[in-house]
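The values are calculated or read from the model by the stated rules, or taken from the named source; none is laboratory data. Quantities reported herein were computed from a predicted structural model and do not represent experimental measurements. Methodologically, a virtual Cβ is constructed for each residue, glycine included, from the backbone with ideal geometry; neighbour enumeration extends over all protein chains shown. With ligands, DNA and RNA removed, areas are computed over all heavy atoms of the protein, side chains included. Shrake-Rupley method; radii C 1.70, N 1.55, O 1.52, S 1.80 Å.
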Amino acid sequence: MRVPTPQIKDAPTINGGDERVAGRSRESQSRPNRSSSAKFASDGSNVSLLKSAIIGVSSAVLLFLLLLPLQQMGYRLGTMFWDSVGINFPTTLLMFWSFAILLLKQRKLANQKNAFIMDVLPATVSEEITLESLNAFVEHINSIPRNCRETMLVNRVIRGIEHFRVRKSAAETVTMMESQSGIDVANVNSSYAIIKVFIWAMPILGFIGTVMGVSTAVSGLSATLENASDVSAVTSSMKSVFGGLGTAFDTTLLALIMSMLVKIPTSALQRNEGSLVTLVDEYCNENLLRRLNDGKEGGAERGTQGLALGNTPSLLKEALMESLGTKELKEFQKQSAENAIAIAGQIRAAAQISTEMQNNLSTLTATMAGLTKQASETTNVLKAQLEQHRQEVVAHQPKRRKGWFSRSGSRRKRR
């Protein structure tokens, strides 16, 4: 049986010497941190179904006991619950069970927010997070109160620190933290699966109660009509049948109301937990990823922040060197160079085509301007000729009319 090595505090820094001693020192430092990681495996989103079920059953029983006197006195509220207790009690149980889950999740959410008050990665320990300072940060996290350690924030930080310890790469830690963010979102969404089932089941139970009530009422009406001897008996039986129908429809009414009462706070709490994941992402980006320093080029800026600061070529080169061999890398570089040359040639050809199109467009514009000017001059000449012709016509027309009248007048005088 393998005995775990105890945690070594204040491990000395090895500047030289036997590599095997350094390897054993690193191994002894990494073992306790794996065990400490197991302590913080809880994500703070899921709650105990057994505990919430006990709370829900107790609340449902207490409600029905409180409504029993109202039912005996004939009050509407008491009869609505007790007349169809076989359906209404399971529906009420699901409602209070959902409320219990939401209450426990709300308490966990408050505890999750309290974790942000704690300085999980204080700058007093070290300005940069290096392989040598990891033990000091883990010891500080161990000193945080237990209720704050079992949170999504501390769980994310511990996972990031351990991944950085094992892989010794800031870039790989950034990638892992991005995937961990997706895992946390999936955990939050999955923690509401049982409540969503309850929200779906409550109206279904109400409809089942209504169908059972309607079926019983119809059967009773059929038996009454067969055995009825007078109209008064039929009338009394009809009253009881319709009263039973009203009670049957009350089960659906109560179920729909209970489903709505659960749905509203569930949506609000789920939105708040989604916002919590975003806050955890921001904290890790600002206080963990930016401070990582693995001793390579770029230091703590080799993560997502490093991409924004222009370290992309270094990261790509390192990733290619780790994933490809020397021969494959040379072939990849050759292919990349050929592709770059081809793309440059296409860009030059496109620039030449664009220049030719601009020249053709300038020539076409000049031609259109000349044609427009010529058409304008021709239009002015035609207008002048038409005006001259009109004036000539107007000038000759009155004289002809005057001569005609004079000749006709002379003709009249002669007659």
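Under 5 Å between amide hydrogens, built in the peptide plane, is the criterion, and for Leu292 it picks out Ile129 among residues at least 5 positions away or on other chains.
Of Asp184, Asp83, Asp281, which has the most accessible area and how do the rest follow, probe 1.4 Å? Before the final figure, lay out the partial values.
Numbers: Asp184 5, Asp83 80, Asp281 40 Å².
Result of the area sort, largest leading: Asp83, Asp281, Asp184.
The heavy atoms of Glu273 offer some 10 square angstrom of accessible surface to a 1.4 angstrom probe. When Ile257, Ile129 are compared by accessible area of protein heavy atoms, the largest-first order is Ile257, Ile129, using a 1.4 Å probe. For Phe137, the accessible area of its heavy atoms, probed at 1.4 Å with every protein chain present, is near 0 square angstrom. Based on the convex hull around the alpha carbon atoms, region 136-181 presents an average projected area of 3.2 nm².
How big is the Cα convex hull of region 47-90 in projection, averaged over all directions, in nm²? Please report the intermediate quantities before stating the final value.
Working: hull surface 12.7 nm².
The number I arrive at for region 47-90 is 3.2 nm².
Taking every protein chain into account, the 1.4 Å probe leaves His140 with about 50 Å² of accessible area, to the nearest ten. Accessible surface comparison of Tyr283, Tyr192, Tyr75, probe 1.4 Å, protein chains only, largest first: the order is Tyr75, Tyr283, Tyr192. Label sites at Asn272 and Ser179, each approximated as a point 7 angstrom past Cα along Cα to Cβ, lie 3.3 nm apart.
Here r is the Cβ-Cβ distance between Val214 and Val61 and R0 is 22 Å; the resulting FRET efficiency, rounded to 0.05, is 0.20.
For region 94-150, the alpha carbon positions stretch 52, 16, 16 Å along the principal axes, listed from largest to smallest. Could you tell me the calculated FRET efficiency between Glu282 and Arg167, based on Cβ-Cβ distance and R0 = 30 angstrom, to the nearest 0.05? The pair Glu282/Arg167 has a calculated efficiency of 0.80.
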